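Worksheet: one structure, shown below.
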Amino acid sequence: ANELPLLPWWIASGASFAKKVKHIPQSAEIKPVLAALQQGEKSVEKPIDLPTANVAQLSDATLKQLAAAGVTVVPLERDSHFLSANFVNAVTTPDSIALLLDAMKAQLVVLKLERSDFNDATLKGLKNCKNLIRLSLNNSSITDNGLFNLQSLAQLRYLSLTGTKVTAAGLKGLK
């Protein structure tokens, strides 16, 4: 199922955490999406449309620095310098993440910052990651205030906020 229409539909309906889905008016576009989710169909993640700009390869020194910090970095495609980075097992402080993100700001397309000690200050390091398309902040301490740092990310298409302190009001500010 293509779940992307769910978030705008939910926001347009008032973004209530108190209402059950069955009590929210459903358009013809939303009904099949909800039905597929109810049936338990696994959603297949679509391949990422990588940016068309050419970016330089990340230096070996930077890759070693990221690996030493416990950051998992993998290329998104063969013969591509665009990267996915996972900070879930990083052995670095949330404040020092900005430096690591800055080192790969041009190449970074997919990013996982899923730890409870990642907070609004952590997101300041994302402002210059202009090619970022997917961002997962699950189970972090991100709040509405931190989302302000994402407004400059014009390429961002996927944002996962499960288990965060973000509210419906904070999401409306991202439009």
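Quick notes on this structure:
- Alpha carbon centroid spacing (whole Å) that separates region 116-159 from region 9-24: 24
- Region 76-120: radius of gyration over Cα atoms, expressed as a fraction of 2.2 N^0.38 Å: 1.21
- Distant alpha-carbon pairs in the chain (separation over 25 angstrom), percent: 39
- In this simple spin-label approximation, Lys31 and Ala169 carry label points 7 Å from Cα along the Cα→Cβ vector, and these lie 3.6 nm apart.
- Listed residues Ile48, Ile142 arranged by accessible area, highest first, probe 1.4 Å: Ile48, Ile142
- For the chain, the carbon plus sulfur part of the accessible surface works out to 53%, probe radius 1.4 Å.
- Counted over region 81-175 with a bin width of 5 Å, the fraction of Cα pairs per bin, in whole percents, is 3, 15, 28, 30, 18, 6, 1, 0.
- Pairs of Cα atoms farther than 19 Å apart, region 123-175, %: 16
- Sum of -39500 (n - 2.57) over DSSP H runs of 4+, divided by residues of the chain (222 nm, nearest 500): -6000 deg cm²/dmol
- Surface accessible to a 1.4 Å probe, per residue, for the residues of the chain, Å²: 59
The values are calculated or read from the model by the stated rules, or taken from the named source; none is laboratory data. Fair warning: this is a prediction, and the values are worked out from it, not measured in the lab. Ideal geometry is used to build each Cβ from the backbone, glycine not excepted, and the neighbour counts take in all protein chains shown. What goes into the accessible areas is simple: the full protein's heavy atoms, side chains included, and nothing from ligands, DNA or RNA. Shrake-Rupley method; radii C 1.70, N 1.55, O 1.52, S 1.80 Å.
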